[in-house]
Ligand code: FAD
């Protein structure tokens with residue numbers, strides 16, 4: 001097995017205290033020698049400055065950082081300015097997304113889908129950026145059909161994406177099936193599983209309802225059974241997610257991308273347990 005690509009995702013903190021806490025998290029996770037850290041980008045550019053600031057701090061510490069960039073609600077001019085800003089700062093890696101319009105927002109902007117953003121990035125900046133895109137082993141919540149979602153995923157790769165990171169999932173077979181389907185369509189870019197550690201059931205249930213990631217019945221019932229017993233939820237969650245990661249890597253996943261929620265603990269423990 002070649003060395004897995006490991007990466008960690010952060011959100012840009014809103015306060016100086018949050019930024020300080022993230023520095024400590026980053027220092028711990030840096031020990032694991034990740035390929036890169038990525039930093040999310042709020043819908044409609046709401047975190048534009050904070051995303052950049054967080055990315056620049058990571059870069060200044062000597063690590064590779066990839067800002068996310070979402071295009072829904074944006075103009076070409078706006079996205080062009082952000083791309084050139086990233087380029088001027090020597091950033092070479094982006095996660096290109098459509099994003100979701102905030103509820104009640106009427107203006108979709110000049111981009112409809114992420115494949116248009118990838119195409120635009122390539123047209124504007126050639127091969128400067130390594131572009132990651134999102135993939136959905138359990139399919140996107142707005143997918144018209146599984147097949148249409150696969151075809152739409154392929155559009156992003158055909159437009160020039162170098163790699164993909166998946167939405168999180170707890171059903172490894174969904175990931176393996178998705179990768180098999182992609183291979184059958186001639187998609188050869190690495191598809192790295194997104195991993196969401198489990199530490200809080202109600203938060204996880206909320207996220208999962210919003211993004212269409214399924215919490216299997218057996219897992220949901222076990223977690224619900226622990227009620228407010230946070231220690232048991234964490235301990236059980238670590239076992240479940242470590243097993244998932246182990247199975248994914250054993251069967252050929254090229255790496256793991258951790259949704260850290262700016263916490264080092266779970267990702268760190270899982271990585272140690274995997275013995276990597
Ligand atoms: P797309 O690939 O455009 O797909 C969206 C939907 O449209 C799908 O149902 C697809 O089948 C359909 N579709 C796609 N292309 C076409 C087409 N050409 N014609 C017709 N239908 C089409 N959101 C943020 O706001 N900020 C972030 O930082 C962020 N980071 C993320 C990181 C990862 C790894 C993942 C998996 C998601 C992230 N998201 C983020 C969430 C993401 O923005 C949402 O899931 C969004 O709803 C879809 O984005 P996308 O890039 O996958 O869209």
Review point. If you scan region 194-206, which residues turn out to be part of a helix (DSSP H, G or I) and either surrounded by 21 or more Cβ atoms within 10 Å (Cβ to Cβ) or in contact (Cβ under 8 Å) with a residue 12 or more places away in the chain (or both)?
Key: 201, 204, 205
Exercise for review: Output the residue which, of all residues in region 139-170 that are more than 11 Å from the ligand (Cβ to nearest atom) and within 17 Å of the chain's Cα centre (by Cα), is nearest to residue 215 (Cα to Cα).
Suggested key: 170
Practice item. Being surrounded by 17 or more Cβ atoms within 10 Å (Cβ to Cβ) and more than 28 Å from residue 163 (Cα to Cα) is the filter here, so list the residues in region 207-220 that pass it. Key: 219
Check your understanding: within 27 Å of residue 100 (Cβ to Cβ), modelled with pLDDT of 95 or more and not in a loop (DSSP other than H, G, I, E, B): does that describe residue 238?
Key -> no
Review point. So, in region 132-142, of the ones that are touching a helix residue (DSSP H, G or I) at 6+ places or on another chain (Cβ under 6 Å) and outside any loop (DSSP other than H, G, I, E, B), which residue ends up surrounded by the fewest Cβ atoms within 10 Å (Cβ to Cβ)?
Key: 133
Check your understanding: What number of residues within region 209-235 are assigned to a helix (DSSP H, G or I), in contact with a helix residue (DSSP H, G or I) (Cβ under 9 Å, 6 or more places away or on another chain) and under 15 Å from residue 138 (Cβ atoms)?
Key -> 2
Review point. With respect to residue 191, is the statement that it is within 14 Å of the ligand (Cβ to nearest atom), under 26 Å from residue 112 (Cα atoms) and under 17 Å from the mean Cα position of the chain (by Cα) true?
Key: yes
Practice item. Tally the residues that are outside any loop (DSSP other than H, G, I, E, B), over 13 Å from residue 71 (Cβ atoms) and out of contact with any helix residue (DSSP H, G or I) (no Cβ under 6 Å at 6 or more places or on another chain), restricting the search to region 116-131. Key: 3
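What do you reckon, is residue 249 within 26 Å of residue 68 (Cβ to Cβ) and over 20 Å from the mean Cα position of the chain (by Cα)?
In short, no.
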Practice item. Could you check how many residues of region 171-187 are assigned to a loop (DSSP other than H, G, I, E, B) and either more than 18 Å from residue 255 (Cβ to Cβ) or more than 14 Å from the ligand (Cβ to nearest atom) (or both)? Key: 3
Check your understanding: If you go through region 253-264 one residue at a time, do you hit one that is more than 16 Å from residue 169 (Cβ to Cβ) and either over 17 Å from the mean Cα position of the chain (by Cα) or in a strand (DSSP E or B) (or both)?
Key -> no
Check your understanding: Does residue 150 meet the test of being surrounded by 15 or more Cβ atoms within 10 Å (Cβ to Cβ) and in a helix (DSSP H, G or I)?
Key -> yes
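The values are calculated or read from the model by the stated rules, or taken from the named source; none is laboratory data. Predicted model, so just to flag it, every value in this text is computed and none were measured. Positions of Cβ are backbone-derived with ideal geometry, glycine not excepted, and every protein chain shown enters the neighbour counts.
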